[in-house]
Amino acid sequence: MATASTLISIEEYLRTSYRPDCDYVDGQIEERNVGERDHNRLQIVLGAWFLAHEKEWNIYVLPEQRTRVSSSRVRIPDVCLLRGDAPKEQALTTPPLLCAEILSPEDRLPRTAAIMDEYARMGVPNLWILDPKDRVAYDYATNGLLKLTTDRLAIPNTEIYVDLPTLFAALD
């Protein structure tokens with residue numbers, strides 16, 4: 001993963017489009033691992049699952065949404081969910097209801113866990129990591145990753161869930 005060495009302001013970063021989009025970390029542009037087929041497919045299937053339930057669950061789903069996790073960092077979760085009454089922000093400063101990351105072949109769990117810690121410090125209450133290669137999902141907690149042994153990921157005290165066998169079957 002390459003990192004640019006020139007420092008830029010967060011304002012400049014927010015005014016600039018990158019293809020693919022990049023994270024902003026303490027004045028530097030940080031490239032993200034862009035997904036291969038299974039990553040991309042799982043991202044769109046997960047987003048479509050939530051899109052199909054937006055009205056029912058009073059949520060909005062956004063893929064690759066710039067999210068200001070601190071005053072000097074912007075991360076871009078693969079998929080995030082907003083509450084239906086969340087402010088309409090071009091770059092999120094209000095914590096999403098959920099941030100989900102889908103592992104690419106180059107991703108490593110320790111780096112992804114560090115990013116999840118940033119979302120948690122921002123106040124994001126639900127954090128998921130999905131691994132299309134091994135077809136497992138993790139519900140992230142700041143005390144570590146909890147590998148799921150069920151067929152569902154769910155947001156506590158809501159109707160919001162995903163059926164993991166259905167999502168992973170879309171990769172076949």
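The values are calculated or read from the model by the stated rules, or taken from the named source; none is laboratory data. Only a predicted model underlies this, so the values are computations on that prediction, with no experimental measurement involved. Using ideal geometry, Cβ is built from the backbone for each residue, glycine included, and neighbour counts are taken over all protein chains shown. Areas reflect the complete protein model, heavy atoms only, side chains present, ligands, DNA and RNA absent. Shrake-Rupley method; radii C 1.70, N 1.55, O 1.52, S 1.80 Å.
All of Ile160, Ile76 fail the test of being over 18 Å from Val34 (Cα atoms), in contact with a strand residue (DSSP E or B) (Cβ under 9 Å, 6 or more places away or on another chain) and open to solvent by less than 70 Å² (accessible area, probe 1.4 Å), apart from Ile160.
Tell me which residues, restricted to segment 126-146, are of a type outside the set (A, V, I, L, M) and either within 21 Å of Ser71 (Cβ to Cβ) or touching a residue at least 60 places away in the same chain (Cβ under 8 Å) (or both). Correct list: Pro132, Lys133, Thr142. The lone criterion from (1) part of a strand (DSSP E or B); (2) open to solvent by less than 20 Å² (accessible area, probe 1.4 Å); (3) within 24 Å of Asp131 (Cβ to Cβ) left unmet by Phe50 is number (1). Within segment 114-146, the residues that satisfy the criterion of being open to solvent by less than 20 Å² (accessible area, probe 1.4 Å) and part of a helix (DSSP H, G or I) are Ile115, Met116, Glu118, Tyr119. From the residues in segment 18-43 that are in contact (Cβ under 8 Å) with a residue 60 or more places away in the chain and charged (D, E, K, R), which one is farthest from Thr112 (Cα to Cα)? Checked segment 18-43; the qualifying residue farthest from Thr112 (Cα to Cα) is Arg41.
Looking only at segment 83-100, which residues are surrounded by 18 or more Cβ atoms within 10 Å (Cβ to Cβ) and over 26 Å from Ser9 (Cβ atoms)? Step through it out loud before you land on a result.
Initially, segment 83-100 is screened for residues surrounded by 18 or more Cβ atoms within 10 Å (Cβ to Cβ), giving 92, 95-100.
Correct list: Leu97, Leu98, Ala100.
Arg111 meets the stated requirement of being open to solvent by 30 Å² or more (accessible area, probe 1.4 Å), closer than 24 Å to Ile10 by Cβ and at pLDDT below 95.
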